[in-house]
Each structure stands twice: as C-alpha cells, then as structure tokens.
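Below is one structure, written out as structure tokens; the observations come after it.
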Amino acid sequence: MADKVAALVAQSAMPAGGRVLAETLHLAVMPPRAVVALRLGARAQKKAGDIRIAGRPLPLAVNTWSGDDPVFCRTGPDAWLLMSAQHGAADLADAVRLSCRRRSFAVTDLSDAHVTIALEGSQAAEILVRGCGLDFSEAGFGQDACARTRFAQLPVLLRRVSHERYELTVDRPAARYLFDWIEDAAVAVL
C-alpha cells in the first residue's frame, strides 16, 4: 500500500504596503525592524536610570516607551524591548552590551520573530477596544503608553505612537491572523 503524502499548502503572505479601510482608518504592515529584548538582574534594576543606550536613558515607568529610533519600551519590571528600523539588531545588541557591561543583564535578538502592524485613524481606538480590555482614552493610554497584553486572543506589544496611531507587535506566525482580525473588526465598526 502506497503511503499518502499530504500536500503542502502555502500560507498567504502578509499584504505589502497598507490598506485604506476607510477614509478615517488605515492598516499597514511595517517594514522589518530590529527587535532586541533586554532583561536586567535584580541589582541592575535598581540603577536602570543610570543606563544610557546610544546616549539615551531607558524609560523607568513600566508600560511606557521613549525615543524615535531606536524605540525603548519598558514591558515589565525587569524587561525592555528595543526596536529600530535604522539600526541592525547586532548593532543594537552591541550598544546594549556596552551600556550594561558591569551589570547583570541578558540581551536577545528577536528580530525574525516579530511583525509590527500599524493602525491609524480617528476610528483606530474603536477597533482596538474590540480586541482587548485596555482603556484607549488619552488619560488611560497616553502618548507614551505601551502594554504587553492579549489582543484578539494573541500576546502583543501595543504601543500608542500618536493621538490616532497605534502599533501592534506580534509573533510572526500570528501576524496574518491579527491583520485579518483587524480588517474584520473594521467591517463591523464601519
């Protein structure tokens, strides 16, 4: 009896560029970025304010971010995610190592593991509310806010970039699902 061979089915690729879902709502897959995770040991956390990476301090409050490029997101008491479109992951990791050299730390290149999806427009917060329980008002989730949260049942890093622009960084295998989920939610809102 001959063995049956299952056919491989290619996954649909992430859409290139962006989509205009409505005049007031745009969705886009961001170009690849360097993503580096930084974790500090217990003693090093106490002096996190002294650390300067590329001349800039790390954000001290959990669930906040700072910088243009690289962007520093504090995702937990001992954890930061650094993202850059202009610098490679190796250069970013080297800058972290240089800045943290005498401290207890771990730095990990996660660049190939993540995709960032941007949602922008006056109705963006209305879509995001459908996916998680965060308060997306300016008072609840301000201009420098970020959060590791569950969105559409996926773990994501959600970052408010401006008044009407948000970025969702998600594991690469789940990116297509998240993109489709946002499109479907937009249809219900619009």
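Each value in this text was obtained by applying a stated rule to the coordinates, not by laboratory testing. Everything numeric in this text was worked out from a predicted model, so none of it was measured. Cβ atoms come from the backbone with ideal geometry, glycine included; neighbour counts cover every protein chain shown.
A few remarks follow.
- What the Cα convex hull of the chain gives, in volume per residue, is 164 Å³.
- Positive-end residue of PRO70, ILE51, LEU38, charge dipole of the range 34-111 with Cβ unit charges: ILE51
- Cα long-axis angle, helix 175-189 against the chain (0 to 90 degrees, to the nearest 10): 60
- DSSP-loop GluC sites (Glu not before Pro) across the range 126-167, with at most 13 other Cβ within 10 angstrom: GLU138
- Based on Cα atoms of the range 34-111, Rg over Rh with Rh as the Kirkwood radius reads 0.91.
- Loop-resident sites, the range 45-116, for trypsin sites (Lys or Arg not before Pro), counting at most 14 other Cβ within 10 Å (DSSP): LYS47, ARG101, ARG102
- Net dipole in debye of the range 34-111 [+1 Lys, Arg Cβ; -1 Asp, Glu Cβ; about Cα centre; nearest 20]: 520
- Acute angle (nearest 10 degrees) that the helix 89-100 long axis makes with the longest principal axis of the chain, alpha-carbon atoms: 30
- Over the range 1-145, relative contact order from alpha-carbon pairs under 8 Å, at least 6 apart, %: 30
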